[in-house]
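**Q** For reference, the structure I am asking about is given below.
Taken together, the values in this text are just the output of simple stated rules run on the coordinates, not laboratory data. Keep in mind that what you see is a predicted model, and the values were worked out from it rather than measured. Glycine also receives a Cβ, built like all others from the backbone with ideal geometry; neighbour counts cover every protein chain displayed.
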Amino acid sequence: INAIGEPIDGKGPLNNTKRREIFKVAPGVMSRVEVNEPLETGIIAIDSMIPIGKGQRELIIGDRQTGKTSIAIDTIINQKDKNVKCIYVAIGQKNSTVAQITKKLQDAGAMDYTTVIVSGASELAPQQYIAPYSGTAIAEEWMSEGKDCLIIYDDLSKHAIAYRTLSLLLRRPPGREAYPGDVFYLHSQLLERAAK
């Protein structure tokens, strides 16, 4: 689907749709359940050295072409038969790259439990800006139904660029490298919505 929930895979309109607010306040610290259940990535080095828990946020950081997306996609594929709903949010990616990722997920049978939200490089900045919020709203809906979710934002640096574009168009005062001062709050607000 695209950032506003319209299907773009050519399989027709969606059935059983719901509406949900995409901008929402994150739950407070006291209302959260502690992270005590592992989310297995299927990558032995990660699962043994840096275990990830359900309800935890984790940053994959590295240089270009070092396999960050591959780790994320392999983690989605390894959620098969684990009752985990997955959401992959592609922000500012080339359509050909997203097509390759979607094909890899289809070939592995992962599209049965995965939603791909695409706001490609050719999309306008407002669509790239709301894409991760749309993904989070879907994850929160599944979470409210008692399901476990894995959401992957690929990548938030392009989301920051889209936000910078919008901020400059709105004539907000620029900060370092023309990013607005609240760009860090923007991402922390988004990531804190992940909870158990």
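**Q** Could you check segment 84-196 for strands (runs of 3 or more DSSP E) lying wholly inside it with 2 or more residues that are under 24 Å from ARG64 (Cα atoms) and not hydrophobic (A, V, I, L, M, F, W, C)?
**A** It comes to 148-154.
**Q** A further question on this structure: Restricted to segment 91-110, and to residues that are more than 15 Å from ASP74 (Cβ to Cβ) and in contact with a helix residue (DSSP H, G or I) (Cβ under 7 Å, 6 or more places away or on another chain), which residue is surrounded by the most Cβ atoms within 10 Å (Cβ to Cβ)?
**A** Among residues in segment 91-110 that are more than 15 Å from ASP74 (Cβ to Cβ) and in contact with a helix residue (DSSP H, G or I) (Cβ under 7 Å, 6 or more places away or on another chain), the one surrounded by the most Cβ atoms within 10 Å (Cβ to Cβ) is ILE91.
**Q** Among (1) out of contact with any strand residue (DSSP E or B) (no Cβ under 8 Å at 6 or more places or on another chain); (2) buried (at least 17 other Cβ atoms within 10 Å of the Cβ); (3) closer than 24 Å to ILE61 by Cβ, which single condition is GLU140 missing?
**A** Unmet condition: (3).
**Q** Also, quick follow-up: Residues that are closer than 26 Å to HIS159 by Cα and in contact with a Ser or Thr (Cβ under 8 Å, 6 or more places away or on another chain): does segment 27-38 have at least one?
**A** The answer is no, given that none of the residues of segment 27-38 is closer than 26 Å to HIS159 by Cα and in contact with a Ser or Thr (Cβ under 8 Å, 6 or more places away or on another chain).
**Q** Next up: Has segment 29-48 got any residue that is assigned to a strand (DSSP E or B), of a type outside the set (A, V, I, L, M, F, W, C) and out of contact with any Gly (no Cβ under 9 Å at 6 or more places or on another chain)?
**A** Scanning segment 29-48, I find no residue that is assigned to a strand (DSSP E or B), of a type outside the set (A, V, I, L, M, F, W, C) and out of contact with any Gly (no Cβ under 9 Å at 6 or more places or on another chain), so the answer is no.
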